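Structure record follows, encoded as C-alpha cells.
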Amino acid sequence: MRRPQAIGVSLRRFAHGRPNRRGYVTDADVESARAYCLRQLQTSDYDAHLIRRFVPSPVRDTYAALRALNLELVRLPEVVSNPVIGALRMKFWHESIDKTFAGMPPREPICILLHQALQGLEARAGSPTKKSIKFWVSRLVKTREKYMDGRPYPSLAALEDYAENTYSTMMYTTLASMPLRSMHVDHLASHIGKACGIIAVLRGIPVLAAPGRPVKTPTGADAPPTREPSLLLPLDIMAEEGVKEEEVFRQGPNAPGLQDAVFKVATRANDHLITAREMLKRLKAGEDPGHEFEHEGEAEHIYLGENDTNKEIRQSFGVLLEAVPASHYLENLEKVNFDPFAVKSGGWRLPWRIWQSLSSERL
C-alpha cells in the first residue's frame, strides 16, 4: 500500500461531507462515487483493485466502498495533526455510517456508493442482511479507532485479534453482501483475513518507521510532520529478538534483530494461509475442516443447518482470493531474507497468480 498523498484531499472531503439534504442519490452521484473509490483502490490498494474484478458482480460496489473506507481509516494517523482532530474525524465516520444505513448518506463518495450497494442488497435479501453488514462495518470502524494512536500490539495474539476485527471482518462483510452465511466459508475467511492483517503490519514497517513527511500549509509553506515514526511489531516478539524502536528508526533494515522478528511474525501469517489451504482441500473432498471454528456462536457467527459446502466455496471463491496476494508477499519477503524494506511489488506475476488460483479453485 502506498503512502497517502495529501492531507488536503481527506480534510476537504471531511469539511464537505455534509448530509444529503436532497434526500436522494442520482445515477451521476453513484458513478462519481464509484469512480472515486476505484481510483483509491488502483492507487493505494492494488491487491484489492485486482481482486474486485473477481468477486461476484452484485457485491463489487460493496467491496470497493468497504476497501476505500478502510484506506480512509488507515490514513487518519497520517493526515490529522492532533488527537482531537482524529477523534472528530472518527466521529464523522461513525455518524456517516449510521446515516448511510438509515438511507440518508452524506455527500461523501464512499457513503454514496455503500448506500447504492445496500439498496441492491435489501432488494435481494431484505433488512436482516443489511443489519448484519452494519454490524461488520461498525466493527471495522471501532477497531481502526482503537488503534489510531499507532501503539504497538502487546503480543502476537493481540495482532491476530486486530486482524480478525479488520481484514477478516471486511471479508465477512463482502460474504454477507452476497448474501452468504456459511460457517465453513467464514472459517476460511477468518484464517485468510488474519494472515492479511498480519501482513499489512509487515508491509507498513518501511512506511511507518520512516520520518513523517512535512505537511503543506495553505500558504505553501512546510508545517511539521503530523506523526512520529512508529513500529507496530508485537512487543513480545520484539523483546524476544532484542528489537529496539529507535534502532529501527535510525538504521532501518540494519537494526539488530529486526529480520528475526519479522520472520516470526511472517511465520504466523503463513501458518494461517497453510491452515486455510488444508481446510479448503478437506472441505472440497467432503470432509470436515479438521478443527473447530473458534468464533462460532459469537455475534453474526450463528449458523442454521448444513448447506452444500462445495457450492458455497464456488460462490465465494472470488472473496477468498485475498489469500493470493498475501502468499505472494510472504514469498517475496522470504526471498529478501525477511527484510521488509527490500520487498518489491507484485508486478505482472500477481494478476497471473490470482487468475490461476481462480481457475483451479486453489489458494
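The values are calculated or read from the model by the stated rules, or taken from the named source; none is laboratory data. These figures come from a predicted structure and were not determined experimentally. Every residue, glycine among them, receives a Cβ derived from its backbone with ideal geometry; neighbour counts consider all protein chains shown. Areas reflect the complete protein model, heavy atoms only, side chains present, ligands, DNA and RNA absent. Shrake-Rupley method; radii C 1.70, N 1.55, O 1.52, S 1.80 Å.
Here are a few things to note about the model shown:
- The chain - percent relative contact order, Cα under 8 Å, separation 6 or more: 18
- Whole-number D in µm²/s for the chain (Stokes-Einstein; Kirkwood sum over Cα pairs; 4 °C, 1.567 mPa s): 61
- Here the range 25-88 and the range 106-120 have alpha carbon centers that stand 11 Å from each other.
- Note that the chain presents 46 Å² accessible area per residue, ligands and nucleic acids not counted, probe 1.4 Å.
- Take the chain and mark each of the chymotrypsin sites (Phe, Trp or Tyr not before Pro) that is in a DSSP loop with at most 12 other Cβ atoms within 10 Å; the longest unmarked stretch, sites excluded, is 25-347.
- GluC sites (Glu not before Pro) lying in DSSP loop within the range 265-363, provided at most 11 other Cβ fall within 10 Å: Glu287, Glu292, Glu294, Glu298, Glu306
- With only the Cα atoms considered, the range 26-149 has a convex hull volume of 103 Å³ per residue.
- Across the range 26-149, the mean sequence separation of Cα contacts (distance under 8 Å, 6 or more residues apart), normalised by length, yields a relative contact order of 32 percent.
- Surface share of carbon and sulfur [accessible, 1.4 angstrom probe, percent] for the chain: 53
- Ranking Pro106, Ser127, Phe249 by how far each Cα lies toward the positive end of the dipole of the chain (charges on Cβ) leaves Pro106 at the top.
- Of all aspartates and glutamates in the structure, those lying under 19 Å Cα to Cα from Lys281, and not within fewer than 8 positions of it along the same chain, are Asp186, Asp271, Glu292, Glu306, Asp308, Glu312, Glu322, Glu361.
- Summary of the geometry: the range 129-157 and the range 303-363, compared by the centres of their Cα atoms, lie 23 Å apart.
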